[in-house]
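**Q** Sharing a structure below in structure tokens format, with a few things to ask.
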Amino acid sequence: MTRNPHLIQWHPASWQSRPAAQQPVYSDKAALDSAVAQLSRLPPIVVSWEIEALKEQIAAAQRGEGFVLQGGDCAEGFDDCESSKIAKKLKILLQMSLVLLHGMKKPIVRIGRMAGQYAKPRSADTESRDGVTLPCYRGAIVNRPGFTPEEREPDPQLLLRGYERAGLTLNFVRALIDGGFADLHHPEYWDLDFVRHSPLKAAYEQIVHSISDALDFFEATSRRPIHETSRVDFYASHEGLHLHYEQAQTRYIERQQRWYNLSTHMPWIGMRTAALDGAHVELFRGIANPMGIKVGPSMSAEWVQGLLETLNPNNEPGRIVLIHRMGAKEIDKRLPPLIQAVRATGSPVLWMCDPMHGNTESASSGLKTRRFDNIVTELEASFRIHREMGSWLGGVHFELTGEDVTECTGGARGLTDADLARAYKSQVDPRLNYEQALELAMRMAGLHPPAKR
């Protein structure tokens, strides 16, 4: 198996010579080229030193010295670039990380599915209603959700608007964190409405008080503050789906002597775009970012091994995150052979579990949903299988929101199919609400094996 990726032949536009799946068709190429050229001149959304810092933290998690929490919206809309909505997403991720920190006794790496999750893969290129067929909605960065020819026409100007919204979102998150919003001394800053009425209220408040008491004791006895608790690192991620957008923000950083995708800290490749000879793999192989790869039940051991050979030929720690999404019914059969296949390559990877995407189904109303019990089943199986295989599950990947939506059934409040229509807001896939997300964190805090000594 060759370990030479021939990177000398790579450049940010070399993907254009490969088959490119899940890309919109623009009728005005000149307008597309103009938008891409403008994006290429605009400041980056993230910087290389942040990307390298995340890579170091992922490498530590690969060694069992940390745990990665990745979560956020299935697909962001431009209307989500609103201070209250952004703050709520950050709050639930901070709450979950607090619970995981308490239960796992190890650093938690926080990565948001936000500030760029504007494009979505679709199972079909078109959608039909009442005898009318139009291009499908591919996300806010491509076209608009309304069912008219004008709204479904891919618009290159949306690339620029997506860049602006991503930058505004991440800058607000940074401002909150730098201003002390994430200070462990003041978790009351993160309170969401559930604290007042949730069945989980007592358990969560006990964790908060335990951590606060421990901080107070340490700082009183040592007579110095723990500076690391006053702010946290927070990173952004999105699926690197729209190749013109990703290409435009890919830059060569002279002092690093490497190319980086500066639209986000950690892009990922979805299952629909992970073909070894495809355009997405071609673009990803040349960038220095840590990167996720979604791995599903249809992917063979040879396929995954080929991805590792192409995307991490030098076996660099912290570079590859394998996000398995098998489904509760398939995970016991499909995951162990992949763990063995990856181990045989010698490539260091961080294994993460996405228990959402393999468990999507349709309710009797026709709405897509996910059963909380199936999500928990896959999550529990993931921890167990990795433990039995002598492997390490180092992270989780959730679609969630800080809002009180009713899109997934089950959980502490026992949502049923009849509850879905009450607050179903997602335009694509169902998300965990804040209470369901926190319940998962509490379950994980008890599931995870003790920290390595």
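The values are calculated or read from the model by the stated rules, or taken from the named source; none is laboratory data. Small disclaimer: the values here were computed from a predicted structure and weren't measured. No Cβ is skipped: glycine too gets one built from the backbone with ideal geometry, and neighbour counts run over all protein chains shown. Protein only, heavy atoms only, side chains kept; ligands, DNA and RNA dropped before computing areas. Shrake-Rupley method; radii C 1.70, N 1.55, O 1.52, S 1.80 Å.
**Q** Would you kindly find the accessible area of residue 137, with a 1.4 Å probe and non-protein molecules such as ligands, DNA and RNA excluded, rounding to the nearest 10 Å²?
**A** Counting only protein heavy atoms, the figure is 20 Å².
**Q** Using the Karplus curve 6.51 cos²θ - 1.76 cosθ + 1.60 with θ = phi - 60°, what ³J(HN,Hα) values do you get for each residue of the stretch 410-424, in whole Hz, with x for Gly and Pro?
**A** x, x, 4, 8, x, 4, 10, 4, 5, 7, 4, 5, 5, 8, 9
**Q** Something else: Counting only residues 5 or more places away or on other chains, whose amide H sits under 5 Å from the amide H of residue 250 once H atoms are built in the peptide plane?
**A** Sorted by chain and number, the residues that satisfy this are 262.
**Q** Okay, moving on. Which order do the peptides 268-274, 435-441 take when ranked by the mean count of other beta-carbon atoms within 10 Å per residue, highest first? List each step's numbers first, then the result.
**A** Values: 268-274: 21.7, 435-441: 25.1.
Listed from highest to lowest mean packing, they are 435-441, 268-274.
**Q** Take the Cα coordinates of the chain, assign each an equal point scatterer, and use the Debye formula without solvent to give log10 I(q)/I(0) at q = 0.06 Å⁻¹.
**A** Log10 of I(q)/I(0), two decimals: -0.24.
**Q** What per residue convex hull volume, in Å³, do the alpha-carbon atoms of the stretch 243-306 yield?
**A** Numbers: hull volume 5.5 nm³, N = 64.
Expressed per residue, the convex hull around the Cα atoms of the stretch 243-306 is 86 Å³.
**Q** OK, next. Between the stretch 343-382 and the stretch 108-155, how many Å separate their Cα centres?
**A** Here the two parts' Cα centres lie 23 Å apart.
**Q** Same structure again: Give me the aspartates and glutamates in straight-line cross-link reach of residue 120: C-alpha distance below 17 Å, same-chain residues under 8 apart excluded.
**A** Candidates past the 8-residue exclusion: 73, 76, 79, 80, 151, 153, 155, 239, 246, 354, 399, 429.
**Q** Also, quick follow-up: Whole-Hz ³J(HN,Hα) for each residue in the stretch 253-268, computed from phi via Karplus 6.51 cos²θ - 1.76 cosθ + 1.60 with θ = phi - 60°, x for glycine and proline: what do you get?
**A** 9, 4, 5, 8, 6, 8, 8, 9, 8, 9, 7, 6, 7, 9, x, 9
**Q** With the cut-off at 24 Å, tell me which of the pairs 55/368; 294/333; 85/105 have Cα atoms farther apart than that. Don't jump to the answer; show the numbers that get you there.
**A** Details: 55/368 35 Å; 294/333 17 Å; 85/105 30 Å.
Violating the 24 Å limit, Cα to Cα: 55/368; 85/105.
**Q** Quick check: from the Cα gyration tensor, does the stretch 1-144 come out rounded (a/c under 1.5), prolate or oblate?
**A** Working: a/c = 1.99, a/b = 1.34, b/c = 1.49.
Here the stretch 1-144 falls in the oblate category.
**Q** Further, regarding this structure: Of 237, 42, 321, which is farthest on the positive side of the dipole of the chain, counting Cα position, with +1 on Lys and Arg Cβ, -1 on Asp and Glu Cβ, and the Cα centre as origin?
**A** 321
**Q** Provide the packing ranking of 333-341, 255-263, 128-136, i.e. peptides ordered by the mean count of other C-beta atoms within 10 Å per residue, highest first.
**A** Ranked from most to least packed, the peptides come out as 255-263, 333-341, 128-136.
**Q** May I pose another question? With all protein chains present and a 1.4 Å probe, how do 201, 105, 55, 91 order by accessible area, largest first? Present the calculation step by step, with values, prior to reporting the outcome.
**A** Values: 201 75, 105 135, 55 10, 91 40 Å².
So the residues, ranked largest to smallest area, are 105, 201, 91, 55.
**Q** Which far-off residues, 5 or more places away or on another chain, put their amide H under 5 Å from the one on residue 323, with H placed in the peptide plane?
**A** 293, 294, 295, 352
**Q** Another question, if that's okay. Using a/c under 1.5 as the rounded threshold, could you call the stretch 337-453 rounded, prolate or oblate? The axes a ≥ b ≥ c are square roots of the C-alpha gyration tensor eigenvalues, and prolate needs a/b larger than b/c, oblate otherwise.
**A** On the way: a/c = 2.68, a/b = 1.97, b/c = 1.36.
Cα axes put the stretch 337-453 in the prolate bin.
**Q** Here's something else I'd like to know. Would you work out the charge dipole size for the stretch 1-134 about its Cα centre, treating the Cβ of every Lys and Arg as +1 and the Cβ of every Asp and Glu as -1, and quote it to the nearest 20 debye?
**A** Dipole magnitude for the stretch 1-134 comes out near 560 debye.
**Q** OK, next. Would you please put 48-54, 172-178, 318-324 in order of how densely packed they are, using the mean number of other Cβ atoms within 10 angstrom per residue and starting with the highest?
**A** Numbers: 48-54: 17.9, 172-178: 16.1, 318-324: 23.6.
Highest mean packing first, the order is 318-324, 48-54, 172-178.
**Q** Simple spin-label model, 7 Å along Cα-to-Cβ: residue 124 to residue 365 in nm?
**A** 2.3
**Q** Hey, another quick one. Under the rule of -39500 (n - 2.57) per DSSP H run of 4 or more residues, summed and divided by the residues of the chain, what mean residue ellipticity at 222 nm is obtained, to the nearest 500 deg cm²/dmol?
**A** Values: 13 runs with 171 residues, N = 453.
Roughly -12000 deg cm²/dmol at 222 nm, from the helical runs in the chain.
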